[in-house]
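Throughout, read-outs are computed from the coordinates displayed, never taken from laboratory work. Every value quoted in this text rests on a predicted model; they were computed, and no experiment measured them. Heads up, the Cβs are rebuilt from the backbone with ideal geometry, glycines too, and the neighbour counts pull from every protein chain shown.
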Amino acid sequence: MKLGFIGLGRMGSRMATNLVRAGHDLTVFNRSPGRSASLVILGAREATRLADACSSSAVISMLADDEAANDIVLAPSGIVDHLPTGAIHVSMSTLSVALSRQLALAHEKAGQRYVAAPVFGRPDMAAAAKLFILAAGNSAAIDECEPLFRALGQKTTIGTEPWAANLVKLSGNFLLASVIEALGEAVALIGKSGIDPKLYVEFLTSTLFPVPAYKTYGALIAAGKFEPAAFAAPLGYKDIRLALAAAESLRVPMPLASLLHDRFLRLLAHGGDHLDWAAIGGLASQDAYVLGSRRVAS
């Protein structure tokens, strides 16, 4: 399939690589230059202008936040302005519910088709084409994009409303952040008592919680290994803020999400922008003055 790919960050670069390796004809664009060299070697073409990545029947965007998506999609000379009539925009970014609604409406008015397809998975899963994809929108467009999703993930779940896919994604990241905070508090309790945190996490993840989230984040917290960041703390903070905004619009109290908001804010206020979002799980040990715990914020 001939398509464009916009956004070559930690996730996007790995996803684009898998699309090229699967035989798709890819033109890539990134606002910051210098990230496409490895893709060009594999056979992709680099677009120097956004318009050049939007000339095919489909374009995928994988962008950091609402601000970037608004600039790339809705601003003058953005995707909506350049995408041909009837073409498909697949947004795989984690965006707010409100912006997802705006994007769907803008593409509909332009005679284009819009699919929201946010993903669950860290960069290692993106590299291994093991992402979990939530695809919602025009059913015919989703069918056409099935080969793309097959090249990117291990399972695709289908829906009809694009905004709903973004809400599910935000709720999932809220749950993951809750796991990180809970693990951090438990590890702080165990660590200050003198019990080995790594052995504790190994026990938990082989008995009560033998699931990927506990294994991945438990190991990071026990080791105090929060860099290099696979999913940077500011992105986690952004997702919690977006989940709270959706909750406010629906009048759903989320006291735990409010706590997580403040934990992320504490981390960032003390210089934790460069750390993985798992670093909020290290704050409890720091607050408790656990001997030997890694200081995650100044």
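Is there a quick way to get the dipole size of segment 167-287? I mean about its Cα centre, with the Cβ of Lys and Arg at +1 and of Asp and Glu at -1; what is the value in debye to the nearest 20?
Dipole about the Cα centre, nearest 20: 180 debye.
Among S249, P123, V168, whose Cα projects farthest towards the positive end of the dipole of the chain, with charges put on the beta-carbon of Lys, Arg (+1) and Asp, Glu (-1)?
Checked the options; the winner is P123.
Once a ≥ b ≥ c are taken as the square roots of the eigenvalues of the Cα gyration tensor of segment 19-161, is the result rounded (a/c under 1.5), prolate (a/b larger than b/c) or oblate (a/b not larger than b/c)?
It comes out rounded by the Cα gyration axes.
If you place +1 on the Cβ of every Lys and Arg and -1 on the Cβ of every Asp and Glu, how big does the dipole about the Cα centre of segment 2-160 come out, in debye to the nearest 20?
That gives a dipole near 400 debye.
Which percent, nearest 5, of DSSP beta bridges in the chain are antiparallel?
Close to 15 percent.
Would you kindly compute the Cα radius of gyration of segment 1-57 and its largest Cα-Cα separation (Dmax), both in Å?
Every Cα atom of segment 1-57 included, Rg and Dmax give 9.8, 26 Å.
Hey, which lysines would be in cross-link range of K215, C-alpha to C-alpha under 18 Å, not counting anything within fewer than 8 residues on its own chain?
In chain and number order, the partners are K130, K198, K225.
Under 25 Å Cα-Cα from K109, which lysines qualify once same-chain neighbours fewer than 8 residues away are excluded?
Straight-distance partners of K109: K2.
Output the 0 to 90 degree angle, nearest 10, between the alpha-carbon long axis of helix 212-223 and the longest principal axis computed from the alpha carbons of the chain.
Long axis of 212-223 versus the principal axis of the chain: about 50 degrees.
How big is the shadow of the Cα convex hull of segment 100-192, averaged over all directions, in nm²?
7.2
Before rounding to the nearest 500, sum -39500 (n - 2.57) across all DSSP H runs of length at least 4 in the chain and divide by the residue total; then give [θ] at 222 nm in deg cm²/dmol.
Roughly -15500 deg cm²/dmol at 222 nm, from the helical runs in the chain.
What is the Cα convex hull volume of the chain when expressed per residue in Å³?
Expressed per residue, the convex hull around the Cα atoms of the chain is 132 Å³.
When a footprinting reagent is the concern and you count Cβ atoms within 10 Å, what order do I41, I72 take, fewest first?
With the sparsest Cβ surroundings first, the list reads I41, I72.
Run the Debye formula on the Cα coordinates of segment 181-298, all scatterers equal and no solvent, and tell me log10 I(q)/I(0) at q = 0.10, 0.12, 0.13, 0.19 1/Å.
Once normalised to I(0) and log-transformed, intensities are -0.30, -0.44, -0.51, -1.00.
Rounded to the nearest 20 debye, what is the charge dipole size of the chain about its Cα centre when +1 sits on each Lys and Arg Cβ and -1 on each Asp and Glu Cβ?
420
Taking only C-alpha pairs under 8 Å that are 6+ residues apart, what is the relative contact order of the chain in percent?
14
From Cα pairs below 8 angstrom and at least 6 apart in sequence, can you work out the relative contact order of segment 167-287, rounded to a whole percent?
Relative contact order of segment 167-287: 39 percent.
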